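Below is one structure, written out as structure tokens; comments come after it.
The values are calculated or read from the model by the stated rules, or taken from the named source; none is laboratory data. Because the structure is a prediction, the values reported are computed rather than measured. Areas reflect the complete protein model, heavy atoms only, side chains present, ligands, DNA and RNA absent. Shrake-Rupley method; radii C 1.70, N 1.55, O 1.52, S 1.80 Å.
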Amino acid sequence: MTAVTAGATLAEPDVAAFRAAMGRFPTGVTLLTQGSGDETIVMTLNSLTSVSLDPMLILVSVKASGRMRPRISQAGSFAVSVLTEAQLDLALEFCRPDRPEGRAAMLRLSAEEGVTGNAVLPAAETYVECMLDAEYTAGDHTLLIGRVVALSGGSSEPDPLLFHQGKFGRLSPASSASSASSAEQREAAA
């Protein structure tokens, strides 16, 4: 039996309904890297979460059966570069199964080797380098907890690349709360 209250379905949703619901939550877009030089692997990722300030921890979620998880598990480190709107082409290129690897990826990204030995993008919005702290199986994905050991970026005006409802986008300037009308605030929150 399915109960519906104000548009909510109280039944096991199907995958399409779940994807549509999660697509309503805008996220940033990042590149997850492991290794550098000939050993570089990269993937587009939008599942990045700040977990703790003390110690500084982040969480990324990767497909358990994918090529990234075993590499990070074995190496014990990874880096995450938060993309700018101007880096949309990189997001698109590195989400493909046939994405570049090794030195070709380093060149395409204009990447440098970070302090953890992983590729980082100096032109990114920001980047974070991590040592692997823990791994947790979660359905068909693995949650990787990284202890932040280095970070850089954020010196320019923020211009992050966003992903929302299956499309890439950008931040639009928000009105200040003190000058925005109630209607504008409701519209901005929607």
What are the residues in region 81-115 that are more than 13 Å from the chain's Cα centre (by Cα) and polar (S, T, N, Q), if any? GLN87, SER110
In region 49-60, how many residues are within 10 Å of the chain's Cα centre (by Cα) and modelled with pLDDT of 95 or more? 2
Entirely in region 9-127, the helices (runs of 4 or more DSSP H) that have 3 or more residues that are hydrophobic (A, V, I, L, M, F, W, C) and open to solvent by 20 Å² or more (accessible area, probe 1.4 Å): 15-22, 102-109
